[in-house]
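> The following block contains the structure, expressed as structure tokens.
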Amino acid sequence: MKNRILCGREISKTYMQGGKETKILTNIDVELYEGDFTVIMGSSGAGKSTLLYALSSMDTITVGSVIFKGQEISSFSEKKMAQLRAKEFGFIFQQTHLVSNLTLFENVAVAGYATKAGSVKEIREKADMLLLNMHVGDAKNRYPSQVSGGEAQRAAIARAIIGNPGLIFADEPTGALNKANSEEVLKLLVTLNRDGQNILMVTHDVHAALCGNRILYLEDGKILDELNLSPYEQDNLKKRENKALNWLSGLGW
Ligand code: ADP
């Protein structure tokens, strides 16, 4: 049986809009397990990103709790949460949010120093190695404006994993990329997961969702259903695609 790494209990999120309460997430119970590449799918506006930010404590929740490795992080102070986030969580967004006046190498190294996961020398060596592994070693001394979107996103992945996070949160990581760059980024995420990295990714793209081994389907702020797939392998791609498409069409996708 897999160990639970994070769980959300009875999560609800409400926004006040024009003096009126709008419920975005309703009573969500969700568990994430070690070793998994979990995907949250659903149509635009379903509440996917809101759920990701609620589970990562990047955003507050109105009701409920979030437990990570046995600790109720939703009750942490902002300072304690920031420390845990730096050490345990990695983030990849649709936009890379790389610092424009730092090179790719500096962006990754600076994130590494913040995690205090080693000496300056160790972190610089690790930043070098990760940029190489992310196939962006040749561009490491360039600034974000001097590289392609795909190269920038691969550097952002290196930045997300430099502190050996317990969990990566990825919000539409391929949303701003062309097909070839998307493929490369997805392949890297699959490889990271195969090497043991826990990942939670939001996407509305079926092809991206197929990289996960567990897909949760969100609609109107509720988890409607989930699909479990075998770990990603090229040779079972057609089979998993058919399985996922059948499942999605049953959900009215
Ligand atoms: P998804 O990621 O599935 O596209 P989101 O989680 O981004 O959906 O948004 C879900 C709903 O919450 C949308 O209707 C959106 O307009 C609303 N929403 C998101 N953020 C806010 C906010 N800060 N204030 C008010 N409404 C918001």
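The values are calculated or read from the model by the stated rules, or taken from the named source; none is laboratory data. Everything numeric in this text was worked out from a predicted model, so none of it was measured. Quick reminder, even Gly has a Cβ in these numbers, built from the backbone with ideal geometry, and neighbours come from all protein chains shown.
> Take the residues in segment 46-81 that are of a type in the set (S, T, Y) and loosely packed, with under 14 Cβ neighbours inside 10 Å, then tell me which one is nearest to the ligand (Cβ to nearest atom).
T60
> Still on this structure: Between A111, A86, which is farther than 24 Å from D36 by Cα and among the small types (G, A, S)?
A111
> Yes or no: L84 under 20 Å from L218 (Cα atoms) and either more than 16 Å from the ligand (Cβ to nearest atom) or surrounded by 13 or more Cβ atoms within 10 Å (Cβ to Cβ) (or both)? So that I can check it myself, show each step before the final result.
Working: under 20 Å from L218 (Cα atoms): no; either more than 16 Å from the ligand (Cβ to nearest atom) or surrounded by 13 or more Cβ atoms within 10 Å (Cβ to Cβ) (or both): yes.
Answer is no for this residue.
> Identify all residues within segment 6-43 that are of a type in the set (S, T, N, Q), at pLDDT 95 or above and either more than 14 Å from the ligand (Cβ to nearest atom) or not in a strand (DSSP E or B) (or both); write none if there are none.
Selection gives N27, T38.
> Out of L210, L216, which single residue is crowded, with 17+ Cβ neighbours inside 10 Å and in contact with a helix residue (DSSP H, G or I) (Cβ under 7 Å, 6 or more places away or on another chain)?
One residue alone meets the criteria, L210.
> Return the residue satisfying two criteria in turn: it lies in segment 164-203 and is within 16 Å of the ligand (Cβ to nearest atom) and surrounded by fewer than 17 Cβ atoms within 10 Å (Cβ to Cβ), and of such residues it is farthest from T38 (Cα to Cα).
Restricting to residues being within 16 Å of the ligand (Cβ to nearest atom) and surrounded by fewer than 17 Cβ atoms within 10 Å (Cβ to Cβ), the top hit is A176.
> Follow-up. When the residues of segment 100-112 are narrowed to those that are surrounded by fewer than 16 Cβ atoms within 10 Å (Cβ to Cβ) and not polar (S, T, N, Q), which ends up modelled with the lowest pLDDT?
V110
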